[in-house]
Amino acid sequence: MPKGTSTSVDAYLIQATCAIVQRNKDNNIKVVATAWLASSEGHLVTAGHTFSEKQNAGTTIEVQFLNKTPEPAVIIEVMHNQSKGLDFAILKLSTPPKQREPLKFMLVNEASGEFLLRGYGSSLPHSQSPGKGEFIGLNIRAGDSEHILFQLRSPELAFEGFSGGAVYSTQLEAVIAIQIEAKKGSDTVLAMPLYRIPEYWAEIANLASLPGTCFVVAPKERVSRLVDEIVRPVIVE
């Protein structure tokens, strides 16, 4: 995990970020979304709305890392409920990556400061582009505090294709959310916090148990429930 210069952090994000691609009838490749490497075993995280109803668990799709040929990945879990702000998918590469470093991620329910993101926006669909911005608050779906999204400001990321990109907090030096939505005609972007995933895909607890991979920062009243869902360590505020 790099520390210090923005150049080293950018390189760290570049090598772990890939495009989700589809082939048309002429076998030409189209980039449809962004994903990122979350484990040394080859788990990838992206946005759930990327996939159709027919593309469920067990479906093989293709991903492409920068300057590499497309490779297969299998959908492990996919969830998309717009009214709840629930939008994620877990994939797994058919062949574990040998020379790529997974991104460190944290499960947190608050965010502030600036963020970085790499992705494949529709403005430059075949190039991995950088984006940055700031956390500006929360977006609560259906008036339910359990349905929290982070609200971000970034004119660079308000395009299709960046969905699924890793939202890297410069303050925490870790990924804490995935981009899921951009409001048309504005610089507002919405991202789903990663802490919402364990309720629907408990396997992330195994990643959380690996030293240096993930930990939870949570208000004290939520710790007892989180401990049941996510293996330690849990840091109490």
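Yes/no per residue for (1) of a type in the set (Val, Ile, Thr); (2) exposed (fewer than 14 other Cβ atoms within 10 Å of the Cβ); (3) not in a strand (DSSP E or B):
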{"site": "112", "(1), (2), (3)": "no, yes, yes"}
{"site": "121", "(1), (2), (3)": "no, no, yes"}
{"site": "135", "(1), (2), (3)": "no, no, no"}
{"site": "149", "(1), (2), (3)": "no, no, no"}
{"site": "159", "(1), (2), (3)": "no, no, yes"}
{"site": "163", "(1), (2), (3)": "no, no, yes"}
{"site": "171", "(1), (2), (3)": "no, yes, yes"}
{"site": "184", "(1), (2), (3)": "no, yes, yes"}
{"site": "190", "(1), (2), (3)": "no, no, no"}
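I need a count of the residues in region 51-74 that are surrounded by 12 or more Cβ atoms within 10 Å (Cβ to Cβ) and charged (D, E, K, R).
2
For region 166-175, does any single residue satisfy the condition of being small (Gly, Ala, Ser) and on the phi > 0 side of the Ramachandran plot? Write out each step before concluding.
Taking region 166-175 as the starting set, the residues that turn out to be small (Gly, Ala, Ser) are 166, 169, 174.
Remaining after also requiring on the phi > 0 side of the Ramachandran plot: none.
No: region 166-175 contains no residue that is small (Gly, Ala, Ser) and on the phi > 0 side of the Ramachandran plot.
Given the condition within 22 Å of residue 151 (Cα to Cα), in contact with a Leu (Cβ under 6 Å, 6 or more places away or on another chain), of a type in the set (Gly, Ala, Ser) and not assigned by TED's automatic domain parsing to the domain that holds residue 129, answer yes or no: does some residue in region 74-91 qualify? Step through it out loud before you land on a result.
Looking only at region 74-91, we keep the residues that are within 22 Å of residue 151 (Cα to Cα), and these are 79-89.
Filter again for in contact with a Leu (Cβ under 6 Å, 6 or more places away or on another chain), leaving 79, 85.
Those left that are additionally of a type in the set (Gly, Ala, Ser): 85.
Add one more test, that the residue is not assigned by TED's automatic domain parsing to the domain that holds residue 129, and what stays is 85.
Taking every residue of region 74-91 in turn, at least one turns out to be within 22 Å of residue 151 (Cα to Cα), in contact with a Leu (Cβ under 6 Å, 6 or more places away or on another chain), of a type in the set (Gly, Ala, Ser) and not assigned by TED's automatic domain parsing to the domain that holds residue 129.
Counting just the residues of region 40-59 that are at pLDDT 95 or above and under 12 Å from residue 103 (Cα atoms), which one comes out nearest to the chain's Cα centre (by Cα)?
In this case the residue turns out to be 45.
Scan region 60-88 for residues that are in a loop (DSSP other than H, G, I, E, B) and either closer than 20 Å to residue 191 by Cα or over 18 Å from the mean Cα position of the chain (by Cα) (or both) and report the count. Steps first, answer last, please.
If we filter region 60-88 for residues that are in a loop (DSSP other than H, G, I, E, B), which is where we start, we get 66-70, 85.
Those still in the list that are either closer than 20 Å to residue 191 by Cα or over 18 Å from the mean Cα position of the chain (by Cα) (or both) too: 67-70, 85.
Of the residues in region 60-88, 5 are in a loop (DSSP other than H, G, I, E, B) and either closer than 20 Å to residue 191 by Cα or over 18 Å from the mean Cα position of the chain (by Cα) (or both).
Only one of these conditions is not met by residue 134: (1) in contact with a Lys or Arg (Cβ under 8 Å, 6 or more places away or on another chain); (2) modelled with pLDDT under 95. Which number is it?
(2)
The values are calculated or read from the model by the stated rules, or taken from the named source; none is laboratory data. The shown structure was predicted, so the numbers you read here are calculated from the model rather than taken from an experiment. So basically every Cβ, Gly included, is an ideal-geometry build from the backbone, and we count neighbours across all protein chains shown.
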